[in-house]
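Nothing in this text is a laboratory measurement; each read-out follows from the coordinates by a stated rule. In this text the structure is predicted, and so the values were computed from the model without any measurement. When we count neighbours, we look across all protein chains shown, and the Cβ atoms used for this are built from the backbone with ideal geometry, even at glycine.
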Amino acid sequence: MAAHQEKKPSEERNHRSMQNDTRTAQVQWGRAWEVDWFSLASILFLLLFAPFIVYYFIMSCDQYQCSLIDPLIDLFTGNKHLSDIWNKTPTLTYRAAGIYTLWVAFQVFLYVFIPDFCHKFLPGYVGGVQEGAVTPAGAVNKYEINGLQAWMITHVLWFANAYYFHWFSPTIIFDNWIPLLWCSNVLGYAVSTFAMIKSYFFPTSAKDCKFTGNFFYDYMMGIEFNPRIGKWFDFKLFFNGRPGIVAWTLINLSYAAKQQELYGQVTNSMILVNVLQGIYVLDFFWNEAWYLKTIDICHDHFGWYLGWGDCVWLPYLYTLQGLYLVYHPVQLCTANATGILLLGLIGYYIFRMTNHQKDLFRRTNGNCKIWGKKPEYIECSYMSVDGTKYYSKLMTSGFWGWARHFNYTGDLMGSLAYCLTCGFEHILPYFYIVYMTILLTHRCIRDEHRCFSKYGKDWKRYTAAVPYRLIPGIF
Ligand code: NDP
């Protein structure tokens, strides 16, 4: 548990929590998201259409050179029928099923059986057994942080194969991309369905389950907060981090290898995508312990949104730029390449520094320096379901004084940089920035809803002190 949070006797607090509505709402933080018609409509839309959206994007590249418009024109003009497109789509193969099973089994093995050794020799790296945040039920889970090690072992093996062993071609991922899509869907649906059944029959922590009574909402947003098998296999940490994010950099490497095979060279745009997204992925693993304190782990329950999303949506749609560049190899002029690199690096700097400032502030309970000065903050309190009161602080200086989610702003700048590497011939590579803008804006709203129900009037004082969300003076 974070050092700055203290407990007080619960009887006295229970009494007080009954006294006004804000307090009652505070007791419900992490549980109180009501299923209004808009949430339900969005959920049904995503459950029905998200798998088709992924299919449509990947099929457009496979059959239409990444044009999102041409398949529609073909269908509307009667030039082609849906069945023509479907019949041309590669089916599930034994080879893809074998590759995928091996891949996931290998990541499970690295996650469960190889305790972290990186923290023993990498200065500044926080790995090994770490604690997560306090859950709404007041529990604190322990996690084995060994993602960096899993990423390194996987990539060393990848390069060893590419340059020395030659067991398989480095283009293997691109060459099996659609058959692998079917496999990842199977896993995504299987794990989400299993998580739902598990939450009814053998939940890891019954007190941290959220039943809304709406089947679709529960399936999508999850019931169990931290489903686990055994002591250490944590669904959220595993599926969020691996196999999707470890695969992200391998997928990009496979695209680069395909460019090399097809055109005899790797373009600078492909190198930029590999480098910028590689930094983002490495950052994730370097800061995996910090990640335990982010919304994915401390707020979201584990359902289809995370289970299917991490298996399918993330590896397939976050890597569209590299896929596009296989079909359209763009060689950027030096000025454009430098500009994009700078945008990506500045975005990354803002993203990392903003996250770092909050992490440092919370870890030291405000006893640190932000931009050379003692941080300013607002004191706040909240309660867990058992009525225990905790204290926390919301920083109002550094990047957190500029906007309430300036880390998202940096993330969006980086996302735009990835897209710009692809030039302006097609809209497909720009899906990522559109998606991230929607995701992170929605996340601002979701997070603020949660923080308000957690901190009540203290959150209002904070939003008065820091009035903007993403762009100071504008939004
Ligand atoms: P944050 O890291 O911004 O965490 C939000 C939480 O931080 C709040 O719920 C609150 O939690 C605490 N907090 C809010 N304001 C303050 C403050 N002023 N001082 C101290 N603590 C505060 O959000 P996320 O977890 O969403 O994102 C983490 C990173 O991951 C971001 O940089 C984001 O861009 C990135 N991201 C990337 C995604 C991708 O798909 N590429 C998807 C989602 C996120 P508490 O209850 O502890 O007070």
Förster radius 56 Å - calculated FRET efficiency between Gln265 and Lys142, Cβ distance, rounded to 0.05:
0.70
Per its Cα gyration tensor (rounded if a/c is under 1.5, else prolate when a/b beats b/c, else oblate), segment 93-219 is best filed as oblate
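Rounded to the nearest 500 deg cm²/dmol, what is the calculated helix-only ellipticity per residue at 222 nm for the chain, with -39500 (n - 2.57) per DSSP H run of length n ≥ 4?
Values: 24 runs with 285 residues, N = 475.
Calculated mean residue ellipticity at 222 nm is -18500 deg cm²/dmol.
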Measure nothing but the geometry: give the 0 to 90° angle between the long axis through the Cα atoms of 147-160 and the longest principal axis through the Cα atoms of the chain, rounded to 10°.
10 degrees
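Quote to one decimal, in nm, the extra length available between Phe202 and Leu40 on full extension: 0.36 nm per residue of separation minus the C-alpha distance between them. It would help to have the intermediate numbers written out before the result.
On the way: separation 162, 0.36 × 162 = 58.32 nm, distance 2.65 nm.
Length difference between fully extended and current span is 55.7 nm.
Contour minus end-to-end for Val112 and Ile471, with contour as 0.36 nm per residue of separation and end-to-end as the Cα-Cα distance?
On the way: separation 359, 0.36 × 359 = 129.24 nm, distance 4.12 nm.
So the extension gain works out to 125.1 nm.
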Measure off 7 Å from each Cα along the Cα-to-Cβ vector at Phe194 and Leu72, then give the distance between these two points in nanometres to one decimal.
3.8 nm
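With a ≥ b ≥ c taken as the square roots of the eigenvalues of the C-alpha gyration tensor of the chain, please select rounded if a/c is under 1.5 and otherwise prolate if a/b is larger than b/c or oblate if it is not?
On the way: a/c = 1.63, a/b = 1.51, b/c = 1.08.
Taking the square roots of the gyration eigenvalues as a ≥ b ≥ c, the chain is prolate.
R0 = 30 Å: FRET efficiency of Asn214 with Thr441, Cβ-based, nearest 0.05?
Numbers: r = 24 Å, r/R0 = 0.80.
That pair, Asn214 with Thr441, gives E of 0.80.
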Taking amide H positions as placed in the peptide plane 1.01 Å from N, state which residues far from Leu332 in sequence (5 or more) or on other chains have amide H under 5 Å from it.
Asn268, Ser269
Please give the peptides 35-45, 303-313, 247-257 ranked by average Cβ packing (other Cβ atoms within 10 Å per residue), highest first, as a rough proxy for protection.
303-313, 247-257, 35-45
Just name one of Trp103, Gln259, Met220: the one whose Cα is farthest towards the positive end of the charge dipole of the chain (beta-carbon charges, Lys/Arg +1, Asp/Glu -1).
Met220
Please compute the modelled spin-label separation between Thr334 and Lys457, points set 7 Å along Cα→Cβ, answer in nm with one decimal.
6.3 nm
When ranked by the protection proxy of mean other Cβ atoms within 10 Å per residue, highest first, what sequence do the peptides 61-68, 287-294, 235-242, 194-201 form?
235-242, 287-294, 61-68, 194-201
Could you rank the peptides 423-434, 181-192 by their average count of other C-beta atoms within 10 Å per residue, with the highest value first?
181-192, 423-434
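Asp386 to Leu157: FRET efficiency via 1/(1 + (r/R0)^6), r the Cβ-Cβ distance, R0 60 Å, to the nearest 0.05?
Values: r = 46 Å, r/R0 = 0.77.
According to the calculation, E is roughly 0.80.
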Using 0.36 nm per residue of separation minus the Cα-Cα distance, give me the extension gain between Val434 and Lys374 in nm, one decimal.
17.9 nm
Correct semi-axes for segment 343-474, from √(5λ) of the alpha-carbon gyration tensor and rounded to whole Å with the largest first, are 31, 18, 12
Through the Karplus equation 6.51 cos²θ - 1.76 cosθ + 1.60, θ set to phi - 60°, convert the phi angles of segment 246-257 into ³J(HN,Hα) values in whole Hz; use x for Gly and Pro.
4, 5, 3, 6, 5, 4, 4, 5, 5, 5, 4, 4
